[in-house]
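Input: a single structure, listed below in structure tokens.
The values are calculated or read from the model by the stated rules, or taken from the named source; none is laboratory data. Given the structure is predicted, the values throughout are model-derived calculations rather than measurements. Note: ideal-geometry Cβ built from the backbone for every residue, glycine included; neighbour counts use all protein chains shown.
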């Protein structure tokens with residue numbers, strides 16, 4: 001029973017969102033607001049159930065244990081001061097705490113994952129004896145492509161001459177090929193999302209597909 | 001004489017209609033275009049296929065409903081494969097909505113009305129067996145069968161909560177959670193999403209932290225997948241595989257080349273490739289939703305290529321590349 005009601009609500013909301021393709025209308029607006037509202041409501045409930053209750057309310061207020069948790073709880077509550085202009089400055093403390101902690105935590109690992117390992121992956125031999133020819137082509141494209149891309153973003157010298165001029169031209173081509181690949185994947189992604197909804201409508205809702 | 005300007009200013013709703021036709025019709029007229037698994041998907045499949053009951057994996061349902069169409073089939077395919085190999089699976093979520101989607105995905109694998117699915121045995125249901133000391137997978141299954149339980153027709157096996165499967169669910173600041181799990185999973189998740197004590201679960205006793213985990217597959221529609229690489233791979237050498245939306249796929253190919261991730265499923269195509277491998281490997285009777293969408297995907301791509309070619313022909317044939325302005329379409 002509830003499953004059927006859920007299916008109908010989901011199907012009607014899907015059609016309401018698709019109606020935007022014809023033109024903007026109140027039904028679309030309604031669906032949009034329902035998505036935002038219900039997502040937020042769900043988030044609040046799950047966050048309370050999974051985090052606030054077992055990690056704060058239960059130990060501190062029901063069992064009287066781990067009273068030290070009151071300190072971060074108070075710090076978190078300072079966010080609410082944003083709503084009161086006179087004391088809104090207090091909300092900067094939890095923000096500063098989070099920013100500082102986030103930076104400290106992320107910096108060494110981010111450097112490792114995003115920069116060092118990526119640089120390391122471009123420091124490869126162009127030719128490896130015994131490797132298939134396409135590995136050599138791949139290695140050349142990676143090394144020269146990376147260098148050309150970096151030259152394009154080097155703005156301290158004019159992009160003229162055989163090194164900076166030619167290098168930046170190759171760089172822009174490499175970047176454009178990258179954009180083209182991304183665009184192709186984007187089209188694929190958007191069509192996939194449409195396929196997902198059409199599958200839902202035809203199969204789960206109407207039962208036309210088996 | 002063709003009016004190229006009119007052609008270029010065609011009401012875009014006609015294009016939407018054409019796309020709609022191309023997306024709906026192939027569901028009824030199946031062509032069965034081949035889906036050839038790529039190396040980056042095959043490497044994830046091979047790794048999961050090499051694991052068994054002594055290993056364990058994480059599946060991160062790190063996406064929201066907006067990318068469900070692409071990410072959900074990946075999660076279902078990997079979960080199904082792991083359960084068929086009796087590989088214990090921990091499920092986490094970066095967002096509260098991801099937890100709901102994870103529950104939905106798991107429910108689709110445990111729906112015994114559909115043949116080829118698994119029978120889910122909740123933690124509380126096999127409590128008497130636990131009390132009697134049956135916590136090893138084989139002994140538990142034997143005792144469970146001896147107690148008169150039998151599999152429904154078409155079901156592939158039992159999934160015991162706490163032995164084969166644990167839904168850990170959502171926690172905020174997931175980077176910190178992954179970092180913490182490097183030392184102890186139970187300190188981050190004292191209980192699972194249903195309030196069961198994780199420390200009592202046999203699968204956690206055998207795999208206490210991320211160093212004892214063999215793979216984390218993160219399904220993401222955002223950069224959330226990088227939490228696993230930044231705080232898992234970099235810190236404790238956790239092998240990570242990505243299941244990302246097609247839009248994101250090009251951003252993460254460099255991470256395969258650098259060896260930071262094991263492999264990657266990119267978009268619905270990646271999920272379809274995994275389904276094909278699973279089916280070929282005998283882990284499922286049929287391929288799933290993603291594979292069914294591939295005919296549609298191919299035809300829609302052909303139509304879009306046609307649109308691009310026709311648009312360019314009209315643009316150059318009409319001489320618009322020489323003019324400064326072209327009336328914009330609707």
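Quick notes
- Out of B:148, B:195, B:169, one residue alone is over 21 Å from residue B:225 (Cβ atoms) and within 14 Å of chain A (Cβ to nearest Cβ). It is B:195.
- Residue that is surrounded by the most Cβ atoms within 10 Å (Cβ to Cβ), among those in region B:227-265 that are facing chain A (nearest Cβ under 7 Å) and within 18 Å of the chain's Cα centre (by Cα): B:245
- Subset of region A:195-210 that is at pLDDT 90 or above, over 29 Å from the mean Cα position of the chain (by Cα) and on the phi < 0 side of the Ramachandran plot - its residue that is farthest from the other protein chains (Cβ to nearest Cβ): A:205
- Condition met for residue B:271 (modelled with pLDDT of 95 or more, farther than 19 Å from residue A:180 by Cβ, more than 10 Å from chain A (Cβ to nearest Cβ) and surrounded by 24 or more Cβ atoms within 10 Å (Cβ to Cβ)): no
- Filter pass, residue B:159 being at pLDDT 95 or above and part of a helix (DSSP H, G or I): no
- Within region B:301-322, residues that are in the same structural domain as residue B:18 (by TED's automatic domain parsing) sit with their Cβ atoms under 7 Å from residues that are outside any helix (DSSP H, G or I), at 6+ positions apart or across chains, in these pairs: B:315/B:321; B:320/B:326.
- Test result for residue B:270, closer than 30 Å to residue A:121 by Cβ and in contact with a helix residue (DSSP H, G or I) (Cβ under 6 Å, 6 or more places away or on another chain): yes
- Failed item in (1) surrounded by 14 or more Cβ atoms within 10 Å (Cβ to Cβ); (2) at pLDDT below 95; (3) assigned to a helix (DSSP H, G or I), with residue A:134 passing the rest: (1)
One line per residue, one yes/no per condition, for (1) at pLDDT below 95; (2) under 24 Å from residue A:208 (Cα atoms):
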{"residue": "B:287", "(1), (2)": "yes, yes"}
{"residue": "B:290", "(1), (2)": "yes, yes"}
{"residue": "B:306", "(1), (2)": "no, no"}
{"residue": "B:311", "(1), (2)": "yes, no"}
{"residue": "B:315", "(1), (2)": "yes, no"}
{"residue": "B:321", "(1), (2)": "yes, no"}
{"residue": "B:329", "(1), (2)": "yes, no"}
